[in-house]
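Colleague: Pasting in a structure now, in structure tokens, and then I'll have a few things to ask.
The values are calculated or read from the model by the stated rules, or taken from the named source; none is laboratory data. Fair warning: this is a prediction, and the values are worked out from it, not measured in the lab. Cβ placement follows ideal geometry from the backbone for every residue including glycine, while neighbour counts extend to all protein chains displayed. Ligands, DNA and RNA are excluded from the accessible area calculation, which covers all protein heavy atoms including side chains. Shrake-Rupley method; radii C 1.70, N 1.55, O 1.52, S 1.80 Å.
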Amino acid sequence: AQVPEESGGGSVQAGGSLRLSCAVSGYDRYNYCMGWFRQGPGKEREGVAGIDSLGRTTYADSVKGRFTISKDSAKNTLYLQMNSLKSEDTAMYYCAAESFCTVQTSRTPSRYRYWGQGTQVTVSS
């Protein structure tokens with residue numbers, strides 16, 4: 001598999017929205033995990049949202065009701081729609097992909113070998 005590549009980050013005011021995209025390729029069509037992660041300065045990498053090959057999803061409690069993970073298999077693209085953004089959402093956001101994975105572990109960083117370079121999200125209050 002080739003490494004993912006993120007886009008769509010930027011600077012927004014609190015309460016605003018952003019949509020992140022991640023181009024992925026080279027993964028088994030029926031057996032994979034994809035996830036969005038974030039890491040702020042001095043913090044550990046956090047699993048924000050994950051999705052498996054059947055479209056089942058999981059979210060961190062901090063983003064439930066505000067963020068939505070989705071995929072477009074035909075375009076080989078993963079998305080993260082982020083609404084009602086807060087200052088604490090400020091971080092570098094990464095997407096990741098791995099085969100032989102399920103939704104139960106799709107927000108666990110150690111499950112992934114293939115990571116994008118990240119896209120910065122900055123939320124001002």
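Colleague: Return the pair list, or none, for Cβ contacts closer than 7 Å from residues in segment 33-59 that are among the polar types (S, T, N, Q) to residues that are in a strand (DSSP E or B) and open to solvent by less than 30 Å² (accessible area, probe 1.4 Å), at least 6 apart or on different chains.
Modeller: Matching pairs, first to second residue: Q39/A91; S53/Y32; T57/A49; T57/G50; T57/I51; T57/I69; T58/A49; T58/G50.
One line per residue, one yes/no per condition, for (1) at pLDDT 90 or above; (2) of a type in the set (S, T, N, Q):
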| site | (1), (2) |
| --- | --- |
| K75 | no, no |
| N83 | yes, yes |
| V103 | no, no |
| S106 | yes, yes |
| P109 | yes, no |
| W115 | yes, no |
| G118 | yes, no |
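Colleague: I'm told S21 meets every condition in (1) part of a strand (DSSP E or B); (2) within 15 Å of S106 (Cα to Cα) except one. Can you identify the failing condition by its number?
Modeller: Status for S21: all satisfied but (2).
Colleague: Of all residues being more than 14 Å from the chain's Cα centre (by Cα) and of a type in the set (S, T, N, Q) in segment 105-125, which is most open to solvent (accessible area, probe 1.4 Å)? Just the residue, please.
Modeller: So, considering only residues that are more than 14 Å from the chain's Cα centre (by Cα) and of a type in the set (S, T, N, Q), the one most open to solvent (accessible area, probe 1.4 Å) is S125.
Colleague: So how many residues does segment 53-70 have that are open to solvent by 60 Å² or more (accessible area, probe 1.4 Å), of a type outside the set (S, T, Y) and part of a strand (DSSP E or B)?
Modeller: Number satisfying all stated conditions: 0.
Colleague: For the structure I just gave you, tell me whether G10 is over 14 Å from the mean Cα position of the chain (by Cα) and open to solvent by less than 30 Å² (accessible area, probe 1.4 Å). Step through it out loud before you land on a result.
Modeller: Values: over 14 Å from the mean Cα position of the chain (by Cα): yes; open to solvent by less than 30 Å² (accessible area, probe 1.4 Å): yes.
In short, yes.
Colleague: May I pose another question? Could you check how many residues of segment 71-104 are open to solvent by less than 50 Å² (accessible area, probe 1.4 Å) and either in contact with a Gly (Cβ under 8 Å, 6 or more places away or on another chain) or closer than 17 Å to P4 by Cβ (or both)? Spell out the reasoning first.
Modeller: Kept after step one, since they are open to solvent by less than 50 Å² (accessible area, probe 1.4 Å), are these residues of segment 71-104: 72, 77-80, 82, 85, 89-91, 93-99, 101, 103.
Those still in the list that are either in contact with a Gly (Cβ under 8 Å, 6 or more places away or on another chain) or closer than 17 Å to P4 by Cβ (or both) too: 72, 77-80, 85, 90-91, 93-99, 101, 103.
Residues in segment 71-104 being open to solvent by less than 50 Å² (accessible area, probe 1.4 Å) and either in contact with a Gly (Cβ under 8 Å, 6 or more places away or on another chain) or closer than 17 Å to P4 by Cβ (or both): 17 in total.
Colleague: Moving on to the next point. Just to be sure, is S17 more than 14 Å from the chain's Cα centre (by Cα), modelled with pLDDT of 95 or more and of a type in the set (S, T, N, Q)? Working first, answer last.
Modeller: Values: more than 14 Å from the chain's Cα centre (by Cα): yes; modelled with pLDDT of 95 or more: yes; of a type in the set (S, T, N, Q): yes.
Yes.
Colleague: May I pose another question? Name every residue in segment 83-122 that is hydroxyl-bearing (S, T, Y) and without any contact (Cβ under 8 Å) to a residue 24 or more places away in the chain, in order of residue number. It would help to see each step written out before you state the result.
Modeller: Just the residues of segment 83-122 that are hydroxyl-bearing (S, T, Y), to begin with: 84, 87, 90, 93-94, 99, 102, 105-106, 108, 110, 112, 114, 119, 122.
Selection gives S110 alone.
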